[in-house]
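These notes are about the structure you will find just below.
The values are calculated or read from the model by the stated rules, or taken from the named source; none is laboratory data. The shown structure was predicted, so the numbers you read here are calculated from the model rather than taken from an experiment. Using ideal geometry, Cβ is built from the backbone for each residue, glycine included, and neighbour counts are taken over all protein chains shown. Side chains included, ligands, DNA and RNA excluded: accessible areas come from the protein's heavy atoms. Shrake-Rupley method; radii C 1.70, N 1.55, O 1.52, S 1.80 Å.
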Amino acid sequence: MIGLIIEHVLPYLTWNAGTFPVLQVLVSAILWALFYSLLRVVLHNCSAEYCCRMVTFMHGMLVACVTAIIHFYIGPAPWDVFGTSNTPLHNAIIIVSLSYFLFDFTWCCLMGTEGAPMLAHHVVSLFILSYTLYTHRSGAEVTAVCFGAEITNPLLQFRWFLREHKQYETMVGYVNDYIFSFAFAFWRFGPGTYLLYRSTTAEEVDIVIKIGAVLLYLISCVFMYGVGKFFMRKYVWKMTKPADKKD
């Protein structure tokens, strides 16, 4: 059964460089939109943002799990194959992410819920993912970036859901904040910095991918400033103020 599925699916995940898988991306984007519409029906008492964040949560979980399997189990490690041709698995996860960002960017523009940094992140992500599919190269490093970006996204969405259900000011909320803040800093500025250095100094990597990597890293710095400011205000400054008053 698995062999038959692979035999029929793989041809749709492989194409020549210089062509773009329009059909695959459109079908995937429609599926994300249908999933959102289904949530709107099933969770009819919830807001549109609630359902959109559910889609975001599922995308983050899916991409983080699949890319972890690709890079840590199947291999090879992304820093061993910079600038090489995409594998069908690379193409699959890039199509899933590109179609999701098409859906989410459209939703954010229509609803006006996000600021300039998030919209800039989506625009750069859409371009880099599209370029990687078109050139059929650098899939390893791009999917590695997807892993680092999405592994903390479910925690961010979980925080929003806790607030929505008035369960944020609990031990679960505090633990989630700690895990999210430290995991965000670690993956973006630990392995993320190393991946940025290796990809921008590798001769095999296209200049467009290098520029995109730098832009995404700078946007991550903006996000990290916001995360750090939130964490310091809620868990550091708030805890030190009473002690200062006693002095």
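A few remarks follow.
- The stretch 46-110 and the stretch 180-225: distance between their alpha carbon centers, rounded to Å: 16
- Nitroxide proxy distance, nm - points 7 Å out along Cα→Cβ at Phe182 and Tyr194: 1.9
- Remark: the stretch 95-145 carries 38 Å² of accessible area per residue (probe radius 1.4 Å; ligands, DNA and RNA excluded).
- Proximal charge balance of Ser125 [Cβ under 12 Å; K/R count +1, D/E count -1]: -2
- Stretching the chain fully between Leu23 and Phe223 yields a gain of 68.7 nm (0.36 nm per residue, less the alpha carbon separation).
- Helix-only mean residue ellipticity at 222 nm for the chain, each DSSP H run of n ≥ 4 adding -39500 (n - 2.57), per residue, nearest 500: -24500 deg cm²/dmol
- Share of pairwise Cα separations in the stretch 102-247, more than 20 Å, in percent: 57
- Cβ-Cβ FRET estimate between Lys166 and Tyr134, R0 fixed at 51 Å, reported to 0.05: 0.65
- Apolar share of the accessible surface for the stretch 120-176: 68 percent from carbon plus sulfur atoms, 1.4 Å probe.
- Lysine pairs in the chain whose alpha-carbon atoms fall under 18 angstrom of each other, counting only those eight or more residues apart or on distinct chains, come to 5.
- Based on the convex hull around the alpha carbon atoms, the stretch 106-181 presents an average projected area of 6.3 nm².
- Cα gyration tensor shape for the stretch 113-155, rounded if a/c is under 1.5, else prolate or oblate: oblate
- Rg and Dmax, both from the Cα atoms of the stretch 52-105 and both in Å, are 12.4, 36.
- For Arg137, the shell of other residues with beta-carbons less than 11 Å away shows a net charge of -3, using +1 for Lys and Arg and -1 for Asp and Glu.
- Inverting the pair-averaged 1/r between distinct Cα atoms of the stretch 22-78 gives 13.0 Å as its Kirkwood hydrodynamic radius.
- In this label model, Ser37 and Ala68 are separated by 3.3 nm, measuring between points 7 Å along each Cα→Cβ vector.
- The convex hull of the Cα atoms of the chain, projected and averaged over all directions, covers 16.2 nm².
- When Glu49, Glu203, Glu150, Glu169 are compared by accessible surface with a 1.4 Å probe, the order from highest to lowest is Glu203, Glu169, Glu49, Glu150.
- Formal net charge of residues neighbouring Ala183 (Cβ-Cβ distance under 13 Å; K, R +1; D, E -1): 0
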